[in-house]
Amino acid sequence: MFVCLCAGVNERCLRELAEAGCCDWREAMEKTKAGKSCGSCRSHVQTIIQSRGLSSEVGVPVL
Ligand code: FES
């Protein structure tokens, strides 16, 4: 499923980036160009990167 239609970035791409150690959504935006055009997907990019980053660093989500 596409997260960013403007840049053609899908959710799998962002999850793979997070699993590779990227836990900064701004860095993910720079690397993929997601969120760099209209910006409507930025919160979704942030959610995916932050949730994957937390789960890989801590093992459980922090509420
Ligand atoms: S949908 Fe991602 S920048 Fe437009």
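Values computed for the structure shown
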{"item": "Debye, to nearest 20: dipole size of segment 2-58, +1 on Lys, Arg Cβ, -1 on Asp, Glu Cβ", "result": "220"}
{"item": "Equivalent ellipsoid, segment 2-58 (semi-axes from 5 times Cα gyration tensor eigenvalues, Å)", "result": "18, 10, 9"}
{"item": "Label-point separation in nm, Arg15 to Lys33, each point 7 Å along Cα→Cβ", "result": "2.4"}
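Values in this text are rule-based calculations from the coordinates and carry no lab data. Computed from a predicted structure; not experimentally measured. Every residue, glycine among them, receives a Cβ derived from its backbone with ideal geometry; neighbour counts consider all protein chains shown.
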